[in-house]
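Everything on this sheet refers to the single structure shown next.
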Amino acid sequence: MSEQRALAGKVALVAGATRGAGRAMAVELGRAGAAVYATGRTTRDRVSEVGRTTETIEETAELITAAGGEGIAVPTDHLERDQVRALVERIDRDHGRLDVLVNDIWGGEHLLEFGENTKVWQYDLDKGLRMLELGVKTHVITSHYALPLLIRRPGGLVIEVTDGTADYNGTYYRENLFYDLTKNAPIRMAFGLGKELEGSGCTAVSLTPGFLRSEQMLDGMGITEENWREGVKHIRSFCIAESPTYVGRAVAALASDPDVARWNGQSLSSGQLAQVYGFTDTDGTRPDAWRYIKEVEIEGRDADDTDYR
């Protein structure tokens, strides 16, 4: 079987596939031949609290199919247990299997507050708790209902998507208490799920992109993918930014690896996996953002991004 069709006959669920990393992961799994269920809250008829109308799960499904897979859009609020249960039941009816579960649910950027007044006793409590709901509770609910289907066959893979590696997040505080908890939780969840999946032949990992230049990020800076380097005028470390496709290729590489169990319970990054599996970003480079941020931004090494590609 060719590398491009390595996932032919496999079934994946990308929870949180409306835009950004989730969409790219779903498309790259489709490119490898998988049937991919793309879920999210924004459809052509309804917009989530994120407030963006420019990306929908129907469009994601069409992109999956155009890439060579089978894209199935299922509107799902992953905080609603009945909706998640019904989603998994549908996958079971349609295919009788689930080979890859990607927990990419988030959509909480609009809840972030920056500045001096970000202590837990100063932060808007409703916003903080909503972050935890969107980025942690959704992942737990989805795993609860989806894993019984995934473990029916050995070889299943669970990917908990987050922001930051265990090494970086374990050393540096992430923005504020709510965000720090939200983005550390999937790392620990992957570790715990790895333990619980022992004996099933299945694997759990956490995965982070580097500095992701998502559609939302680009729009916020008033730039496009074509001139993305203009973003360094806003944020210095944007020079090491990566496209969503990069972490999408990381997911496809993991899902296609017959020896993926070697990563069980571990915290992984797109830049790290590019060195192992040999894939590149869309420009042919292999950005390693977390190493750049640590060594250049934090420790003050005299280097530019070319040393980290």
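The values are calculated or read from the model by the stated rules, or taken from the named source; none is laboratory data. These numbers were taken from a predicted model, which means no experiment stands behind them. Cβ sites come from the backbone with ideal geometry, for glycine too, and all protein chains shown count toward neighbours.
Taking the options ALA250, ALA204, name whichever one is over 11 Å from ALA21 (Cβ atoms) and of a type in the set (A, V, I, L, M, F, W, C). So that I can check it myself, show each step before the final result.
Details: ALA250 fails: over 11 Å from ALA21 (Cβ atoms).
Answer to the check: ALA204.
For the stretch 178-212: of the residues being over 30 Å from SER256 (Cα atoms) and within 18 Å of the chain's Cα centre (by Cα), which is surrounded by the most Cβ atoms within 10 Å (Cβ to Cβ)? So the residue we want is TYR179.
Residue by residue, here is whether (1) within 30 Å of ASP257 (Cβ to Cβ); (2) assigned to a loop (DSSP other than H, G, I, E, B) holds:
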| site | (1), (2) |
| --- | --- |
| GLY51 | no, yes |
| THR54 | no, yes |
| GLU62 | yes, no |
| ALA66 | yes, no |
| VAL84 | yes, no |
| ARG90 | yes, no |
| LEU98 | yes, yes |
| GLU113 | no, yes |
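Of the residues VAL232, VAL205, the single one that is touching a Leu at 6+ places or on another chain (Cβ under 9 Å) and of a type outside the set (S, T, N, Q) is VAL205. Of the residues that sit in the stretch 110-141 and are of a type in the set (Asp, Glu) and at pLDDT 95 or above, which one is surrounded by the most Cβ atoms within 10 Å (Cβ to Cβ)? The residue in question is GLU133. Within the option set GLU215, GLU242, GLU226, being surrounded by fewer than 18 Cβ atoms within 10 Å (Cβ to Cβ), in contact (Cβ under 8 Å) with a residue 40 or more places away in the chain and not aliphatic (A, V, I, L, M) holds for one residue only, GLU215. With respect to (1) without any contact (Cβ under 8 Å) to a residue 60 or more places away in the chain; (2) farther than 27 Å from GLY201 by Cβ; (3) in contact with a helix residue (DSSP H, G or I) (Cβ under 9 Å, 6 or more places away or on another chain); (4) assigned to a helix (DSSP H, G or I), the lone exception for ALA73 is condition (4). I'd like to check something: does the stretch 249-257 contain any residue that is under 27 Å from VAL100 (Cα atoms) and loosely packed, with under 13 Cβ neighbours inside 10 Å? No, the stretch 249-257 contains no residue that is under 27 Å from VAL100 (Cα atoms) and loosely packed, with under 13 Cβ neighbours inside 10 Å.
Restricting attention to the stretch 229-239, the residues that are loosely packed, with under 14 Cβ neighbours inside 10 Å and either modelled with pLDDT of 90 or more or among the basic types (Lys, Arg) (or both) add up to 3.
Summed over the stretch 245-290, residues that are farther than 22 Å from MET189 by Cβ, free of Cβ contacts under 8 Å to residues at least 24 places away in the same chain, part of a helix (DSSP H, G or I) and not aliphatic (A, V, I, L, M) total 1.
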